[in-house]
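Before any comments, here is the structure.
The values are calculated or read from the model by the stated rules, or taken from the named source; none is laboratory data. None of the values given here were measured: they were computed from a predicted structure. Because the Cβ atoms are built from the backbone with ideal geometry, glycine has one as well, and the counts that use them run over all protein chains shown. Accessible surface is based on the protein model in full, side chains and every heavy atom, while ligands, DNA and RNA are left aside. Shrake-Rupley method; radii C 1.70, N 1.55, O 1.52, S 1.80 Å.
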Amino acid sequence: RRVHGKVTSQLMARKRSLSLWGNVKFVYYILLVAVTGFLVNAVQLVSLVVLYPFSLKLYRLFNKFLLDLHFPLYPYGSSYFGRCPMTFAGDVVPKGEGAVCLINHPSTVDWIFGFQYAMSKDSLGSMKVIVKDEMKWLPVFGCNIWCNEFIFVKRKNNWEHDQITLNSGMKQLVSYPGNFWCIIFPEGTNFKAYKRESSQKFARENNLPLLEHLLNPRSKAFYLMMKELRGRFEYIYDGSLFYFKDTPTLGQLLAGDEEFPVCLHVRRIPICEVPEDMAGLDAWLQERYRIKDKMFEYALKNGRFEDPLVDCPLNPWFMHGMFLGWNAVFVLQLLAGYRMAAWAVAAACASIF
């Protein structure tokens with residue numbers, strides 16, 4: 001039986017060796033993102049010292065500008081380096097609209113496809129996501145998202161700490177200039193077979209819907225988010241990310257040796273339809289995930305979602321121009337690094353001899 005685009009016996013990630021060309025593309029792309037990302041990190045940290053103490057608004061707008069320039073490298077990798085054709089279904093979402101966003105978490109590379117959708121809606125640099133605390137320690141990316149006010153939670157049996165963090169983070173976001181997306185993964189972790197078994201056990205014990213392709217969502221963090229941001233937005237975007245084959249690793253995604261078609265279904269829900277009390281909100285969220293599960297069942301049987309596809313194109317001229325621009329920066333950084341290394345070696349030799 002297939003479960004969320006996988007065969008049950010293959011739910012645990014399969015290790016596939018990449019081709020030689022796939023390895024070359026993967027290594028090159030990681031170096032490109034990392035080396036140029038360090039430059040972006042340096043500029044972000046300078047803005048933290050120069051702009052943040054004097055104008056929070058200007059600091060936020062400047063960091064949004066930086067991420068709007070650098071983050072497109074990620075969807076470029078999946079769209080042009082890899083073979084991950086992405087389609088979209090559900091409701092039409094206008095560009096530049098602010099919203100609370102819910103999305104399921106089937107793999108460790110979901111964020112790349114989320115970036116692609118956000119970019120098509122002019123919301124890439126203004127995303128604010130609730131993520132695991134460990135992510136702020138990731139090289140390059142961790143500094144990117146820390147400076148852009150992502151909210152970091154510990155999750156594992158540390159609700160008291162996370163509650164304080166969430167309340168503080170949400171109160172700070174209320175003053176954000178312009179529209180933004182505040183994104184949460186209600187499942188709290190990515191989908192795996194053993195996690196599904198634990199989730200179904202929890203569902204039976206608490207009389208919740210039994211889900212085959214998702215984990216039952218947790219509502220406490222979502223409730224705090226809604227409590228602070230309800231007056232800020234008019235809509236909730238309920239996103240459902242579905243892989244028609246196995247979920248790829250980052251290496252497989254960038255190597256392009258295999259095709260991994262993916263579809264994002266988005267439902268645009270008026271926020272006034274969402275209950276305000278904790279019990280009502282929890283029931284609403286469980287029902288949304290029950291609906292998602294039925295949607296995934298339909299997609300498995302029919303190779304598509306029941307709703308029609310919607311068009312969310314990226315501007316190819318911008319994408320290729322952005323890629324060439326960052327490659328030029330990458331080469332200049334390598335040349336500068338080479339010259340600095342040569343000068344250092346020459347100075348060392350002069351001091352010795």
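Would it be correct to say that Lys192 is out of contact with any Phe, Trp or Tyr (no Cβ under 6 Å at 6 or more places or on another chain), open to solvent by 40 Å² or more (accessible area, probe 1.4 Å) and within 30 Å of Cys84 (Cα to Cα)?
Details: out of contact with any Phe, Trp or Tyr (no Cβ under 6 Å at 6 or more places or on another chain): yes; open to solvent by 40 Å² or more (accessible area, probe 1.4 Å): yes; within 30 Å of Cys84 (Cα to Cα): yes.
Yes.
Being in contact (Cβ under 8 Å) with a residue 60 or more places away in the chain and open to solvent by 10 Å² or more (accessible area, probe 1.4 Å) narrows it down to one of Ser198, Ser175, Ser240, Ser168, so name that one. Explain how you work it out, then say what you get.
Numbers: Ser198 fails: in contact (Cβ under 8 Å) with a residue 60 or more places away in the chain; Ser240 fails: open to solvent by 10 Å² or more (accessible area, probe 1.4 Å); Ser168 fails: in contact (Cβ under 8 Å) with a residue 60 or more places away in the chain.
Only one candidate qualifies: Ser175.
Taking interchain pairs and intrachain pairs at least six residues apart, which have beta carbon atoms under 9 angstrom, with the first residue in segment 324-341 and at pLDDT 95 or above and the second open to solvent by 50 Å² or more (accessible area, probe 1.4 Å) and not basic (Lys, Arg)?
Matching pairs, first to second residue: Gly325/Leu69; Trp326/Leu69; Val329/Leu39; Phe330/Leu31.
This table checks each residue for (1) surrounded by 10 or more Cβ atoms within 10 Å (Cβ to Cβ); (2) under 19 Å from Asp91 (Cα atoms).
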| residue | (1), (2) |
| --- | --- |
| Asp246 | yes, no |
| Arg290 | yes, yes |
| Val310 | yes, yes |
| Trp317 | no, no |
| Phe330 | yes, no |
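Among the residues of segment 259-275, write down those that are more than 18 Å from the chain's Cα centre (by Cα), under 22 Å from His105 (Cβ atoms) and part of a loop (DSSP other than H, G, I, E, B).
Of everything in segment 259-275, just one residue is more than 18 Å from the chain's Cα centre (by Cα), under 22 Å from His105 (Cβ atoms) and part of a loop (DSSP other than H, G, I, E, B), namely Val274.
When only residues in segment 1-58 that are within 17 Å of Thr249 (Cα to Cα) and aromatic (Phe, Trp, Tyr) count, which is modelled with the lowest pLDDT?
Taking the candidates together, the pick is Trp21.
Give the residue, chosen from Ala299, Ala346, Ala336, that is touching a strand residue (DSSP E or B) at 6+ places or on another chain (Cβ under 7 Å) and in a helix (DSSP H, G or I).
On the way: Ala346 fails: touching a strand residue (DSSP E or B) at 6+ places or on another chain (Cβ under 7 Å); Ala336 fails: touching a strand residue (DSSP E or B) at 6+ places or on another chain (Cβ under 7 Å).
Of the residues listed, the single one that is touching a strand residue (DSSP E or B) at 6+ places or on another chain (Cβ under 7 Å) and in a helix (DSSP H, G or I) is Ala299.
Filter segment 150-182 for residues that are in a loop (DSSP other than H, G, I, E, B) and not aromatic (Phe, Trp, Tyr) and give the result. Before you say what the answer is, go through the steps one by one.
Looking only at segment 150-182, we keep the residues that are in a loop (DSSP other than H, G, I, E, B), and these are 150, 154-158, 174-180.
Selection gives Lys154, Arg155, Lys156, Asn157, Asn158, Val174, Ser175, Pro177, Gly178, Asn179.
If we scan segment 226-237, do we find a residue that is in a strand (DSSP E or B) and of a type in the set (Ser, Thr, Tyr)? Please lay out each step first, then the result.
Keep residues of segment 226-237 that are in a strand (DSSP E or B), which gives 235-237.
Retained after the next criterion (residues that are of a type in the set (Ser, Thr, Tyr)): 235, 237.
Yes, that holds for at least one residue.
Please count how many residues of segment 292-308 are open to solvent by 70 Å² or more (accessible area, probe 1.4 Å) and either at pLDDT 95 or above or under 27 Å from Tyr74 (Cα atoms) (or both).
As a first pass, look at segment 292-308 and keep what is open to solvent by 70 Å² or more (accessible area, probe 1.4 Å): 294, 301-302, 304, 306, 308.
Filter once more, keeping what is either at pLDDT 95 or above or under 27 Å from Tyr74 (Cα atoms) (or both): 294, 304, 308.
The number of residues fulfilling the criteria is 3.
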